[in-house]
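Asks: Can you keep this structure in mind? I'll have questions shortly.
The values are calculated or read from the model by the stated rules, or taken from the named source; none is laboratory data. Here the structure is a predicted model, which means the values were calculated and not measured. Every residue, glycine among them, receives a Cβ derived from its backbone with ideal geometry; neighbour counts consider all protein chains shown.
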Amino acid sequence: MRQLNNREIMAVSGGNFFDTLGAAILGGIVGATAGMMKAGTAGGMTGGILGVGVISAMVGAVVGCIAIGVQGVLYGMINGWDKTLEWFNTNTEQWFDHNAPLPK
């Protein structure tokens, strides 16, 4: 019995299930973290009623985490593992850039 290459595995029914599942999970994690930070920061900058913006930041963080997390899951399912992993690596490298206030 010979070993199948990647193209043949993807042609088999359900052959790329774990590829899609892993990409969806990874995309959800990336989307949730990036969305939480970006929406939380944008919500906190509005100032709110008293000029503090803490509640706006918390609401923005929760909404951003959920909304962009779902979008990240869909991104991973549609684009597959390779492109989602590239997105994850780019986003993670931006987290460790101490000169940038937020990932792009």
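Asks: If I go through region 81-102 residue by residue, how many of them are over 30 Å from Asn16 (Cβ atoms) and charged (D, E, K, R)?
Replies: Of region 81-102, the ones over 30 Å from Asn16 (Cβ atoms) are 96-102.
Applying the additional criterion that residues be charged (D, E, K, R) yields 97.
Summing the residues that are over 30 Å from Asn16 (Cβ atoms) and charged (D, E, K, R) in region 81-102 gives 1.
Asks: Out of all the residues in region 6-61, which are at pLDDT 90 or above, hydrophobic (A, V, I, L, M, F, W, C) and closer than 16 Å to Asn79 by Cα?
Replies: Once the filter is applied, which keeps residues that are at pLDDT 90 or above, hydrophobic (A, V, I, L, M, F, W, C) and closer than 16 Å to Asn79 by Cα, region 6-61 yields Leu21, Ala23, Ala24, Ile25, Leu26, Ile29, Val30.
Asks: Okay, next question. Does Gly64 meet the test of being of a type outside the set (A, V, I, L, M), at pLDDT below 90 and more than 29 Å from Met10 (Cβ to Cβ)?
Replies: Numbers: of a type outside the set (A, V, I, L, M): yes; at pLDDT below 90: no; more than 29 Å from Met10 (Cβ to Cβ): yes.
No, not satisfied.
Asks: How do the pairs read when you match residues in region 71-83 that are aliphatic (A, V, I, L, M) with residues anywhere that are surrounded by fewer than 18 Cβ atoms within 10 Å (Cβ to Cβ) and modelled with pLDDT under 95, using Cβ under 8 Å and keeping only pairs 6 or more apart or on different chains?
Replies: Met77/Thr20
Asks: From the list Thr90, Thr46, Thr41, pick out the single residue that is more than 30 Å from Arg7 (Cα to Cα), β-branched (Val, Ile, Thr), surrounded by fewer than 20 Cβ atoms within 10 Å (Cβ to Cβ) and free of Cβ contacts under 8 Å to residues at least 40 places away in the same chain.
Replies: Thr46
Asks: Is there a residue in region 2-17 that is in contact with a helix residue (DSSP H, G or I) (Cβ under 6 Å, 6 or more places away or on another chain) and without any contact (Cβ under 8 Å) to a residue 40 or more places away in the chain?
Replies: Taking region 2-17 and keeping what is in contact with a helix residue (DSSP H, G or I) (Cβ under 6 Å, 6 or more places away or on another chain), we get 15-16.
From what is left, the residues that are without any contact (Cβ under 8 Å) to a residue 40 or more places away in the chain are 15.
Within region 2-17 (the criterion being in contact with a helix residue (DSSP H, G or I) (Cβ under 6 Å, 6 or more places away or on another chain) and without any contact (Cβ under 8 Å) to a residue 40 or more places away in the chain), the answer is yes, since at least one residue qualifies.
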